[in-house]
Amino acid sequence: MEVSVYNIKGEDTGKKVELNDAIFGIEPNDHVIYLAVKQYLAAQRQGTHKSKERSEIAGSTRKLIRQKGSGGARRGDIKSPVLRGGGRVFGPKPRDYWFKLNKKVKTLARKSALSYKKQQDAIVVLEDFNFEAPKTKSFVELQKNLKIEGKKLLLLLPEVNKNVYLSARNIQRVEVMTASALNTYKVMNANVLVVTEDALKLVDETLTK
């Protein structure tokens, strides 16, 4: 399927690019999207939560009441989990939440996410560009020209571009990333996907290996 290429002024350049049906035209698989998003969010967790067990709490080890005959729960020292201020039973410990996903699953998830964006007509192909200097005003004008201001925007570039990145950094709901770092969560989280011509070629090469 062919789509028009626009410049940063929002004008149709007259050029057309082909969106690979093997990437943008597949039947989306919701389950693999779920798995890929779950893995991404799990990897963002610090996992530094920690509670103290009874062996880690400072306190006397004197047995407070006799073992039997009180009619209440048996308990040992002041650090017993039964008591307020005692140790916690089976509390959280530092851990890594990351889990493995097969490469084919992650690739299918990205293809499915991109296919959803194509179905929603939420993909804009932009002519390769650069800003002379990092200016937030320049990026705001780009959004207005493309009529996508106020929307959650993901801009894909072929490589790191400091001027473009710094121009977009202070704008809410805008994220700039390279095509090689593309992931399912970022695509699904955006309302509009703006991709430059060279970045589109990189996405094609990466997902059709």
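The values are calculated or read from the model by the stated rules, or taken from the named source; none is laboratory data. Source: prediction; values computed, not measured. Glycine also receives a Cβ, built like all others from the backbone with ideal geometry; neighbour counts cover every protein chain displayed. Only protein heavy atoms, including side chains, enter the accessible area calculation; ligands, DNA and RNA are left aside. Shrake-Rupley method; radii C 1.70, N 1.55, O 1.52, S 1.80 Å.
For the stretch 154-209, enumerate the residues that are polar (S, T, N, Q) and in contact with a Ser or Thr (Cβ under 6 Å, 6 or more places away or on another chain). Once the filter is applied, which keeps residues that are polar (S, T, N, Q) and in contact with a Ser or Thr (Cβ under 6 Å, 6 or more places away or on another chain), the stretch 154-209 yields 167, 170. Each residue in the stretch 89-122 was checked for being farther than 19 Å from residue 40 by Cα, polar (S, T, N, Q) and assigned to a loop (DSSP other than H, G, I, E, B), and 1 of them qualify. Exactly one residue out of 22, 43 is more than 26 Å from residue 146 (Cβ to Cβ), open to solvent by 30 Å² or more (accessible area, probe 1.4 Å) and more than 20 Å from the chain's Cα centre (by Cα): that is 22.
Number of residues in the stretch 64-106 that are farther than 30 Å from residue 186 by Cβ and either of a type in the set (A, V, I, L, M, F, W, C) or open to solvent by less than 40 Å² (accessible area, probe 1.4 Å) (or both) equals 15. Take residue 2 and decide whether it is at pLDDT below 90 and open to solvent by 90 Å² or more (accessible area, probe 1.4 Å). Yes; evaluated as a whole, the condition is true for this residue. Would it be correct to say that residue 10 is among the small types (Gly, Ala, Ser) and closer than 30 Å to residue 141 by Cα? In short, yes.
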